[in-house]
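Report on the following structure.
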Amino acid sequence: MKSVGAGIPVIVGGAHATALPEEVLKSKNIDYVVLGEGELTFSELINRLAERACHRNLPGIAYRDSGSVIINSRPEFIENLDSLPPPARDLLNPRWYGVGADACAMLLTSRGCPRNCAYCSV
């Protein structure tokens, strides 16, 4: 696998990438798509890439192989969201999110969206 710039793989996720991984992987600048809930899959993909281990059987990813898009099986839902660690906010620079009282960052504490907008895929 050739990765974009400096040998660093580019990995994307989210609602759009999960719904349309083939479209997202049309971009030669993207190496992998993490499908669905990405907390565990992303971590496992990073570990496998770092160890140069096989990622081909990892549920919850899509990637290109010899020009073809491969979409692995979907991952299972994380049954207990409380099992996930809290975000490591200490690793973030507060200046990225504003200054002083204007600084903010979002943390979603549930799955999905509480709204039911007719135009939204979520």
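Between residues in the range 28-45 that are farther than 8 Å from Gly13 by Cβ and free of Cβ contacts under 8 Å to residues at least 24 places away in the same chain and residues that are in a loop (DSSP other than H, G, I, E, B) and not charged (D, E, K, R), which pairs lie under 7 Å by C-beta distance while being six or more apart or on different chains?
Filtered contacts from the range 28-45: Glu44/Leu58.
Has the range 24-40 got at least one residue that is among the polar types (S, T, N, Q), at pLDDT 95 or above and either open to solvent by less than 70 Å² (accessible area, probe 1.4 Å) or touching a His at 6+ places or on another chain (Cβ under 7 Å) (or both)?
Within the range 24-40, the subset among the polar types (S, T, N, Q) is 27, 29.
Okay, now just the ones that are also at pLDDT 95 or above, so none.
No, there is no match, as no residue in the range 24-40 is among the polar types (S, T, N, Q), at pLDDT 95 or above and either open to solvent by less than 70 Å² (accessible area, probe 1.4 Å) or touching a His at 6+ places or on another chain (Cβ under 7 Å) (or both).
Select from the range 57-100 the residues that are exposed (fewer than 11 other Cβ atoms within 10 Å of the Cβ), assigned to a helix (DSSP H, G or I) and either within 16 Å of the chain's Cα centre (by Cα) or of a type outside the set (Lys, Arg) (or both) and list them in ascending order. Show your work before the answer.
Filtering the range 57-100 down to residues exposed (fewer than 11 other Cβ atoms within 10 Å of the Cβ) leaves 57, 65-68, 77, 79-80, 82-83, 85-91, 93, 95-96, 99-100.
From what's left, assigned to a helix (DSSP H, G or I): 82-83, 89-91, 95-96, 100.
Result: Asp82, Ser83, Asp90, Leu91, Trp96, Gly100.
The values are calculated or read from the model by the stated rules, or taken from the named source; none is laboratory data. These numbers were taken from a predicted model, which means no experiment stands behind them. Neighbour counts run over all protein chains shown; Cβ positions are idealised from the backbone, glycine included. With ligands, DNA and RNA removed, areas are computed over all heavy atoms of the protein, side chains included. Shrake-Rupley method; radii C 1.70, N 1.55, O 1.52, S 1.80 Å.
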